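Worksheet: one structure, shown below.
The values are calculated or read from the model by the stated rules, or taken from the named source; none is laboratory data. Note that this is a predicted model, so its numbers are computed, not measured. Don't worry about glycine lacking a Cβ; one is built from the backbone with ideal geometry, like all the others, and counts go over all protein chains shown.
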There are 2 protein chains.
Amino acid sequence: MTVALRIEAALEAVLTRAEDGHAPPRLAAAVRHAVFSGGARIRPQLCLAVAKACGGDNIPLADAAAVAVELLHCASLVHDDLPCFDDAATRRGKPSVHMAFGEPLAVLAGDAMIVMAFGALAQAGAQAPARLAPLLTTVCRGVGMPGGIVAGQAWESEPFTPVELYHQSKTGALFVAATMSGAVASGGDPHPWRRLGEKLGGAYQVADDLLDAVSGEVEAGKPTGRDAALQRPSLVAELGVKGAYARLGALVEEAVAAIPDCDGAKDLRDLVAMQATRLAPKHLARSAA
Amino acid sequence: MTVALRIEAALEAVLTRAEDGHAPPRLAAAVRHAVFSGGARIRPQLCLAVAKACGGDNIPLADAAAVAVELLHCASLVHDDLPCFDDAATRRGKPSVHMAFGEPLAVLAGDAMIVMAFGALAQAGAQAPARLAPLLTTVCRGVGMPGGIVAGQAWESEPFTPVELYHQSKTGALFVAATMSGAVASGGDPHPWRRLGEKLGGAYQVADDLLDAVSGEVEAGKPTGRDAALQRPSLVAELGVKGAYARLGALVEEAVAAIPDCDGAKDLRDLVAMQATRLAPKHLARSAA
């Protein structure tokens, strides 16, 4: 099975278990809408690649880590699209969850997906109890307070926003959770993998700011021009389009350089390079080629 | 230290750790507003009483279970008060979180509290790895899909609502998580404790429906008359006020009878009796006395 198929199968298994015959059908449908909507699965691929590079001796636990990180990412998108945040009617070219199912089910689907992420870790962790606590702690750090993606989003509600901490939390933290949890799932030392997550998270944030600033809604699959409209800190506002594009390239190079020496290093470099080509807005990538 | 003080101290420790110097200050304040707002702490008291009845050999893990259940309860209140659900301006006689901090921070505070609950379990579970997976699974079952409180709330968005499953999920599930997680934290068998949670959860649901139907906003500390206004299934609508009051009494008796034979049985009976007197709306309790 390819890694991509393995991720979809693992997500499907966790959702099926959570539905279990008597879940409210529209809630279950809202969760499916959020999870199976054509996402690139960048974070779970990264997680599994690191797990493999660290020996990959526990496939179910690595899958659970990958699923948890992806479910938490999808949950954050559902909540970020709500009217009180981005008020986005579309996501990946389809109606956002609150447009398709209403605001109450969008809030609840996000909540359910957060719980489901931890439930997946618990299920796989029962067979590897010594790894469960550090795995949970690693994932929690990427999502919650003080510096996870929830905190990152919350910086937008503060009178003063420290830009670097905002970006680190809003995007970087979950990439760091992806790399480090992959290592923990395989019984490896997670710390050498922090930097790769940070650099890729940084690259992804620049790419997202570029996409918002210079792409149309069709390419982005969601409303664009939101950073300027909502006066959010953006690296395009700070560096200009050319400057941001140069920063993106530098961050991808730094990400490649941050991959620790290991058996899987070549696969990881290939994955980072492949993701990098997907990151840049298409017409910018063409004009820079 | 009394149990009540122990719960407050454990909550304070978890919040302090989550703030850790660089959390967004308004998010941290919103979480504090939600957690320290005069809640009765019924669920964590129940959890700790069961943990003690099962031997109480791991105080930090029992505290973490109690804290997790209470944080998840508080998170559910914050999200349930949002304009798209109850649209409640007050909670426990104070402004609800979205009234005090705005809707974005109310969504994010709820999310952060869910993650914090699992983080607390991870932290204490590191010293008792064999209990961590079952503890997580027990707590997840009380909160997520298919039958936890998130699913319970989601039944309100379905065209057809199975009333018993709705009440079981919306209220009962977290009481069951409270009793069963207390047992798991002490290395006990959780299954004999399910029924106590179910019966107390049922009693609490009837009490809440009564409070909504017959009390004023001052006694309830939140807007009342919402079940009728929102056409939600309510036991008062089904049984009338007198019938609901009789059901409340029966459920409390059944809860007492459901307490398994154990060293702590007397303490638990006292706790249930004490909670029962708090449950009934005050003027009804007086007229029935």
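Descriptive notes on the structure:
- Selected residue (only one of A:ALA106, A:ALA88, A:ALA124 is more than 10 Å from chain B (Cβ to nearest Cβ) and touching a residue at least 24 places away in the same chain (Cβ under 8 Å)): A:ALA88
- Residues being on the phi > 0 side of the Ramachandran plot and either basic (Lys, Arg) or within 7 Å of chain B (Cβ to nearest Cβ) (or both) - total across segment A:91-103: 2
- The single condition from (1) modelled with pLDDT of 95 or more; (2) within 23 Å of B:PRO104 (Cβ to Cβ) that A:SER181 fails is (2).
- Residue that is surrounded by the fewest Cβ atoms within 10 Å (Cβ to Cβ), among those in segment A:133-147 that are in contact (Cβ under 8 Å) with a residue 24 or more places away in the chain and either in a helix (DSSP H, G or I) or touching a Lys or Arg at 6+ places or on another chain (Cβ under 6 Å) (or both): A:PRO134
- Scanning segment A:16-52 for residues that are more than 18 Å from the chain's Cα centre (by Cα), facing chain B (nearest Cβ under 9 Å) and under 28 Å from A:THR90 (Cβ atoms) returns A:ALA18, A:GLU19, A:ALA23, A:PRO24, A:PRO25, A:ARG26, A:LEU27, A:ALA28, A:ALA30.
- In segment B:228-245, the residues that are modelled with pLDDT under 85 form Cβ pairs under 9 Å with partners that are hydroxyl-bearing (Ser, Thr, Tyr), at six or more places apart or across chains, as follows: B:ALA228/B:SER234; B:ARG232/B:THR161; B:ARG232/B:TYR166; B:PRO233/B:THR161; B:PRO233/B:TYR166.
- So B:GLY197, is it within 12 Å of chain A (Cβ to nearest Cβ) and either under 25 Å from A:ARG26 (Cα atoms) or in contact (Cβ under 8 Å) with a residue 60 or more places away in the chain (or both): no
- Within segment B:202-242, the set of residues being more than 21 Å from B:LEU165 (Cβ to Cβ) and assigned to a loop (DSSP other than H, G, I, E, B) comprises B:SER215, B:GLY216, B:GLY221, B:LYS222, B:PRO223, B:THR224, B:GLY225.
- Qualifying residues in segment B:15-50 (those that are basic (Lys, Arg) and in contact (Cβ under 8 Å) with a residue 24 or more places away in the chain) - the one surrounded by the fewest Cβ atoms within 10 Å (Cβ to Cβ): B:ARG17
- Residues that are among the hydroxyl-bearing types (Ser, Thr, Tyr) and facing chain A (nearest Cβ under 7 Å) within segment B:127-140 comprise just one, B:THR137.
- Some residue of segment B:44-65 being farther than 20 Å from B:LEU136 by Cα and touching a Phe, Trp or Tyr at 6+ places or on another chain (Cβ under 8 Å): no
- Hey, B:HIS22 outside any helix (DSSP H, G or I) and within 20 Å of A:PRO146 (Cα to Cα) or not: yes
- Pick from segment B:150-166, criterion within 21 Å of the chain's Cα centre (by Cα) and in contact (Cβ under 8 Å) with a residue 40 or more places away in the chain, ranking: farthest from the other protein chains (Cβ to nearest Cβ): B:VAL163
- Test set (1) in contact with a helix residue (DSSP H, G or I) (Cβ under 7 Å, 6 or more places away or on another chain); (2) buried (at least 24 other Cβ atoms within 10 Å of the Cβ) - B:SER96 fails condition number: (1)
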